[in-house]
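S.K.: Input: one structure, supplied below.
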Amino acid sequence: MNAFESAPLFRSAIGFDRLARLMDTARAASEGPSYPPYNIEHTADDSYVLTVAVAGFGPDELEITSQENVLLVRGKAKEDAQARHYLYRGIAGRAFERRFVLADHIHVEGAELANGLLHVALKRQVPEALKPRRIDIGIGGSSRLAIDGEKADQLAA
């Protein structure tokens with residue numbers, strides 16, 4: 001059984017549409033084209049580098065867009081001014097569009113094109129409000145907790 005139908009799972013679920021899109025994207029990626037080839041490297045605890053092989057493309061022919069947890073890398077070669085007659089053309093210069101689903105709090109730090117490889121630096125930046133924080137425990141009698149409204153009156157009685 002190669003096909004997995006997710007519709008029954010989401011029939012009575014609300015707010016899981018992002019998960020459904022992620023599953024559809026994963027299915028399309030496994031069935032879709034594999035051009036251009038790429039690597040994803042884990043360089044540190046919260047850092048990654050996406051490397052895409054873009055031989056024949058210049059920086060002005062590539063576009064990188066990040067929106068709503070999706071990184072989109074597009075390439076469109078400019079028209080060649082002079083007509084060339086190739087005996088064999090093994091370097092693909094065709095237009096492409098590659099989508100990568102990013103986890104929450106992954107941000108693009110920058111991109112660099114070197115030796116036909118596009119390197120995109122990614123970093124996880126969790127907001128301070130979402131990071132775990134340590135709560136100090138006071139010793140009885142040394143500090144007084146502030147409690148709102150009626151509960152403070154009830155505890156005082």
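Every number here is computed from the coordinates shown, using simple stated rules; none is lab data. Everything numeric here is computed off the predicted structure, so don't read it as measured data. In this analysis, Cβ positions are derived from the backbone assuming ideal geometry, glycine residues included, and neighbour counts consider all displayed protein chains.
S.K.: Count the net charge of all other residues whose Cβ sits under 14 Å from the Cβ of R74, scoring Lys and Arg as +1 and Asp and Glu as -1. Before the final figure, lay out each step's value.
M.R.: On the way: positive: K76, K78, R94, R98, R99; negative: D60, E61, E63, E97.
Summing Lys/Arg as +1 and Asp/Glu as -1 gives +1.
S.K.: Could you list T51, T65 so that the one with the fewest beta carbons within 10 Å of its beta carbon is first and the one with the most is last?
M.R.: Working: T51 16, T65 11.
Result, fewest neighbours first: T65, T51.
S.K.: If you rank S66, S34 by fewest surrounding Cβ atoms within 10 Å, what's the result?
M.R.: Least crowded to most crowded, the residues run S34, S66.
S.K.: Would you list D46, D104 from fewest to most Cβ contacts within 10 Å?
M.R.: Numbers: D46 13, D104 9.
Going from least to most buried by this count: D104, D46.
S.K.: Turning to a different aspect of this structure: If you take the charge dipole of region 35-127 about its Cα centre, with +1 on Lys and Arg Cβ and -1 on Asp and Glu Cβ, which of H105, N69, Q125 is farthest toward its positive end?
M.R.: Result: N69, furthest along the dipole toward the positive end.
S.K.: Oh, and also: Per 0.36 nm of contour for each residue apart, how much would the distance between A77 and A114 grow if the chain were fully extended, relative to their Cα-Cα spacing?
M.R.: Additional length available on full extension: 11.6 nm.
S.K.: Next up: If all Cα-Cα distances of region 35-127 are sorted into 5 Å bins from 0 onward, what percent lands in each bin, rounded to whole numbers?
M.R.: 3, 12, 23, 22, 16, 10, 6, 4, 3, 1, 0
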